[in-house]
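The values are calculated or read from the model by the stated rules, or taken from the named source; none is laboratory data. Since we're looking at a predicted model, the values are computed, not measured. In this analysis, Cβ positions are derived from the backbone assuming ideal geometry, glycine residues included, and neighbour counts consider all displayed protein chains.
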Amino acid sequence: MSEFDLDESLNDIALGPEHVGAGQLNHGLYVKFYMNSVLDDAASTQHGRAVYKDVEFVQIMVPGDKNSLIDRPTRLGFDEKSDNQKFAREYALFKENKDQKVEGTPLKEWPPLSKGQIQELAYFNVTTLEQLANLSDTILQKFMGANRLRELARRYLEQAKGGAPLVQMQAELTQRDEQLAAQQLQIDQLVQEMGVLRAQAGQPIAVPQTPIGTPPAVPTQEQEPMGFVPEEQPMPDDLPPPDEEFDLEAAEVKPKPKGKRRSVAS
């Protein structure tokens, strides 16, 4: 049997007959990519010493069956049978230097399992509730009481699937409340900033203490109160009394009448 046929048979065993052909998202296998040092025969012969090179490897195993472990160089390509396409999520995490954790609900978060059962399943790389629910009958024979646990896991997942809309709605409401709180905080900050600007705009403008170009002082004339009669000023001594005033018309000098011209004897 070729490596490809072995990989496909592992996939069928992991998922069970009802999941055959479900695709890469439900492959049900334990998959891990890693870098491995491999002896480069050509380079070693050329340099006369052992020369190693880093090669991408992949481990593929049916959860619960360590005898099914495949450990080989990664097959890269663009067809769906290539490792980087068939296990695209795990390969993408590997290239980003991230942990290639299996998606799903961790078994340690599921109350029905004891600590010993979790450790026993983890030894066979069964770490999520989804993996436990999808274990085949062949694998279940290795665990005491595994049939009951698998059935409980399947029921739990079905019930969780039915309550998914409610959980999603609660998550959306929580997100909405967080957005409203953030918007209210921004509004409060804007109101505070506007108050500071208004306070600064209402302050009086400082006037310089030294005036420039002060005009000369103009004396003010006091206003006399209404009904005030001024006192008569004394007359000067050199002015004649009123009775001695002469008639200006009488004193007016009239021109002399013109006389007749005399003839001069020749």
> If you scan region 44-85, which residues turn out to be farther than 13 Å from residue 31 by Cβ, in contact (Cβ under 8 Å) with a residue 12 or more places away in the chain and among the small types (Gly, Ala, Ser)?
Replying inline: 64
>> Need the failing condition index for residue 116 against (1) surrounded by 10 or more Cβ atoms within 10 Å (Cβ to Cβ); (2) part of a helix (DSSP H, G or I); (3) at pLDDT 85 or above, just the number.
In response: (1)
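Condition check ((1) surrounded by 11 or more Cβ atoms within 10 Å (Cβ to Cβ); (2) assigned to a loop (DSSP other than H, G, I, E, B); (3) at pLDDT below 85) across all residues:
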site: 85; (1), (2), (3): yes, no, no
site: 90; (1), (2), (3): yes, no, no
site: 93; (1), (2), (3): yes, no, no
site: 122; (1), (2), (3): yes, no, no
site: 125; (1), (2), (3): yes, yes, yes
site: 180; (1), (2), (3): no, no, no
site: 186; (1), (2), (3): no, no, no
site: 192; (1), (2), (3): no, no, no
> Does residue 189 count as closer than 18 Å to residue 68 by Cβ and not small (Gly, Ala, Ser)?
Replying inline: no
> residue 75 fails exactly one of the following numbered conditions: (1) under 22 Å from residue 136 (Cβ atoms); (2) touching a Ser or Thr at 6+ places or on another chain (Cβ under 7 Å); (3) not polar (S, T, N, Q). What is the number of that condition?
Replying inline: (1)
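Residue by residue, here is whether (1) outside any strand (DSSP E or B); (2) at pLDDT 85 or above; (3) over 26 Å from residue 123 (Cβ atoms) holds:
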site: 6; (1), (2), (3): yes, no, no
site: 18; (1), (2), (3): yes, no, yes
site: 25; (1), (2), (3): yes, no, no
site: 28; (1), (2), (3): yes, no, no
site: 54; (1), (2), (3): no, yes, yes
site: 68; (1), (2), (3): no, yes, no
site: 71; (1), (2), (3): no, yes, no
> Could you list, in sequence order, the residues of region 31-43 that are loosely packed, with under 15 Cβ neighbours inside 10 Å and either under 23 Å from residue 139 (Cβ atoms) or free of Cβ contacts under 8 Å to residues at least 24 places away in the same chain (or both)?
Replying inline: 35, 37, 39, 41, 42, 43
